[in-house]
Amino acid sequence: MRRLARLLLGEGAEIDDETAALVLSSLPPSELKKLLAELKRSLARARISLTVAGDAGAARAAVTRGASQRALEVTVDEGLGAGVRLRDGDDIIDASVHGYVERIIEELEKR
């Protein structure tokens, strides 16, 4: 399934409608489920997600320098308070005020 997922995605992170229709009509449901799981994992590895509280300029530039070959998805979430949250596959770096407050609350609940 991993090879098929890589073949379907190619260099980009999108599958054209014609290819998707061909795959959907060719594979049984059990295999489609496996393929979709692998596609999800492959897309997560191919993209970096950056969430910022305000202007993304400096953070975008820093992430782009470090991972120029990967797609960067940038969103603005004022709920972070300040700072950034970066997701790279399964790794999450939360350097936001919201994340800091959540960690403090978790620590207090343990006591």
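List the number of the failed condition for Ile93; all other conditions in (1) at pLDDT below 90; (2) loosely packed, with under 14 Cβ neighbours inside 10 Å hold.
Every listed condition holds for Ile93 apart from (1).
Among Val63, Val84, Val101, which is crowded, with 16+ Cβ neighbours inside 10 Å and part of a helix (DSSP H, G or I)?
Working: Val84 fails: part of a helix (DSSP H, G or I); Val101 fails: crowded, with 16+ Cβ neighbours inside 10 Å.
Only one candidate qualifies: Val63.
Just to be sure I understand, how many residues within segment 49-60 are at pLDDT 85 or above and either β-branched (Val, Ile, Thr) or in a helix (DSSP H, G or I) (or both)? Reasoning before the result, please.
Within segment 49-60, the subset at pLDDT 85 or above is 49-53.
Filter once more, keeping what is either β-branched (Val, Ile, Thr) or in a helix (DSSP H, G or I) (or both): 51-52.
Residues meeting the conditions: 2.
Do we have any residue at all in segment 25-47 that's part of a strand (DSSP E or B), under 19 Å from Gly89 (Cβ atoms) and out of contact with any Ser or Thr (no Cβ under 7 Å at 6 or more places or on another chain)?
The answer is yes, given that some residue of segment 25-47 is part of a strand (DSSP E or B), under 19 Å from Gly89 (Cβ atoms) and out of contact with any Ser or Thr (no Cβ under 7 Å at 6 or more places or on another chain).
If the Cβ limit is 6 Å and pairs must be 6+ apart or interchain, which residue in segment 16-38 that is free of Cβ contacts under 8 Å to residues at least 40 places away in the same chain pairs with which residue that is assigned to a helix (DSSP H, G or I)?
From segment 16-38, the pairs are Glu38/Arg2; Glu38/Ala5.
Here are some residues: Ala62, Ala53, Ala71, Ala82. Which one is without any contact (Cβ under 8 Å) to a residue 12 or more places away in the chain and not assigned by TED's automatic domain parsing to the domain that holds Leu7? I'd like the intermediate steps shown before the answer.
Values: Ala53 fails: without any contact (Cβ under 8 Å) to a residue 12 or more places away in the chain; Ala71 fails: without any contact (Cβ under 8 Å) to a residue 12 or more places away in the chain; Ala82 fails: without any contact (Cβ under 8 Å) to a residue 12 or more places away in the chain.
Of Ala62, Ala53, Ala71, Ala82, the one residue that is without any contact (Cβ under 8 Å) to a residue 12 or more places away in the chain and not assigned by TED's automatic domain parsing to the domain that holds Leu7 is Ala62.
The values are calculated or read from the model by the stated rules, or taken from the named source; none is laboratory data. None of these values were measured; they are calculated from a predicted model. Note: ideal-geometry Cβ built from the backbone for every residue, glycine included; neighbour counts use all protein chains shown.
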